[in-house]
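Please read the structure below before turning to the comments.
The values are calculated or read from the model by the stated rules, or taken from the named source; none is laboratory data. Small disclaimer: the values here were computed from a predicted structure and weren't measured. So basically every Cβ, Gly included, is an ideal-geometry build from the backbone, and we count neighbours across all protein chains shown. Accessible surface is based on the protein model in full, side chains and every heavy atom, while ligands, DNA and RNA are left aside. Shrake-Rupley method; radii C 1.70, N 1.55, O 1.52, S 1.80 Å.
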Amino acid sequence: MALAAEASTESARRWGILALGLAAQTASCSFLYGIPFLVPEMRADAGFSLAQAGTVVAAPSIGLLFTLIAWGAAADRYGERLVMALGLGASGLLLLGVGLGAPSAGLMFALFLLAGAASASVNAASGRAVMGWFKPSERGVAMGIRQTAQPLGVGVAALALPPLAQHWGFRAAMLFPAGFAIVVALLAAWLVIDPPRPAKKAGEAKPASPYRHPTLWRLHGASALLVVPQFAVSAFAPVYLVSAHHFSPLAAGWFLAAVQALGALGRLGSGYWSDRVGSRLRPMRQLAVASAAVMLLVAVGDATWPWLVLLALVLAAVITVADNGLGFTASAELAGISWAGRAMGAQNTAQNIAASLTPPLLGLVIGDSRYALAFCVAAIFPTLAIPLTPVHA
């Protein structure tokens, strides 16, 4: 009885920690991906030009990019709870300054830059917590649940921020992500428990860097290549549906919101798949094949029948995001517990660089209307990822 009760308590604890990790990542994403929803009110309230507003919107992602590996190293050394609570709390306080003050464009850029840099703490820290508390046979599903934070964060931002800004203004709307981050940071500081770590023996040498071998480099490279079709769909599907298929902006938004929900289920499904087959990288390579095929199907649909391109876009939106959790989990498992935070930080850094480069580069290919060509170009990148994925690792 005592053993059963102890097992039940531990199970409840780890699922609770996963829920807090998901909440922390959702809070971060609601800020990072929610700011673009506020551009009209930002311009109206603060008098920013479109160029100023665009620069401010880009600031959180820039800050995030420069601190992911550093926060991962901090999580490796000091533990997940401290890093998650400190970074997310600092991000919330910086956003509180935007909501309560009246910063200029330059000061707002700096505050958003610092808030993005601080919010990067939850990426590796929450991933390390999941890795530490869940067995290898459960990590795929657990990390898949955590990876749903991005569509959840976008959904929360889409539902909350525009109405708040419309009724009370841009700065009042910023109090929502600020409060969300602060509340979750306090809960993390109170309730998150760092997973147990192997005891160090006296005189034991520090674990060698896993980056002395090519496996992790190949994994990061393959994951970055697989981001390209994902952001080709998310960045250009809205304007494509409006301009090429005459959807209203509202109809295109609802269509893509439904597809986002399917994408979240796809992440869970791929995690379950990887747990069942005992490998993250075999499913990842097979998804690379499917991603290349479905992008070509989108291109064919654009050149032939409207119903085919809509079906292909739905499939693409699910397939192209399904590998995210696999690469993230594999990077931690291949690096080992001592390097897991840095490896997950490097994984996210590579993916964010690819994500930031995809829209402008494919935008040059598209020009006025060459969508089919752009989707064909996007198919090249997952094709390159197929041999690069280190399946035998």
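Some values worked out for this structure:
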read-out: Prolate/oblate/rounded call for the range 179-270, Cα gyration tensor, a/c under 1.5 rounded; value: oblate
read-out: Pairwise label distance in nanometres, ALA258 with SER104, each label 7 Å out on the Cα-Cβ vector; value: 4.8
read-out: Estimated distance in nm for a label pair at GLN166 and ARG43, the labels positioned 7 Å out from Cα along Cα-to-Cβ; value: 1.8
read-out: Cα gyration tensor shape for the range 329-393, rounded if a/c is under 1.5, else prolate or oblate; value: oblate
read-out: Contour excess over end-to-end distance, with Cα ends at GLU138 and ALA293 and 0.36 nm allotted per residue; value: 52.9 nm
read-out: Reciprocal mean inverse distance between Cα atoms of the chain - Kirkwood radius, Å; value: 21.5
read-out: Gyration tensor verdict on the range 222-349 (Cα atoms; rounded if a/c is under 1.5, prolate if a/b is larger than b/c, oblate otherwise); value: prolate
read-out: Total formal charge among the other residues, if their Cβ is under 15 angstrom from that of PRO283, Lys/Arg +1 and Asp/Glu -1; value: +3
read-out: Calculated P(r) tail over 13 Å for the range 11-61, as whole % of Cα pairs; value: 64
read-out: Apportionment of accessible area to carbon and sulfur, the range 71-224, percent (1.4 Å); value: 69
read-out: 12 Å beta-carbon shell around GLY144, net charge (K/R +1, D/E -1); value: +1
read-out: Distance cut-off 26 Å, percentage of C-alpha pairs in the range 115-229 lying past it; value: 42
read-out: Under the span-like rule (Cα at least 24 Å along the axis, Kyte-Doolittle mean at least -0.5), DSSP H helices of the chain; value: 2-32, 50-78, 80-100, 149-168, 170-191, 214-245, 249-277, 281-303, 340-366, 371-388
read-out: Accessible area (Å², per residue) of the chain, counting only protein heavy atoms and a probe of 1.4 Å; value: 44
read-out: Gain upon complete extension [THR304, ARG212; 0.36 nm per residue less C-alpha separation]; value: 28.3 nm
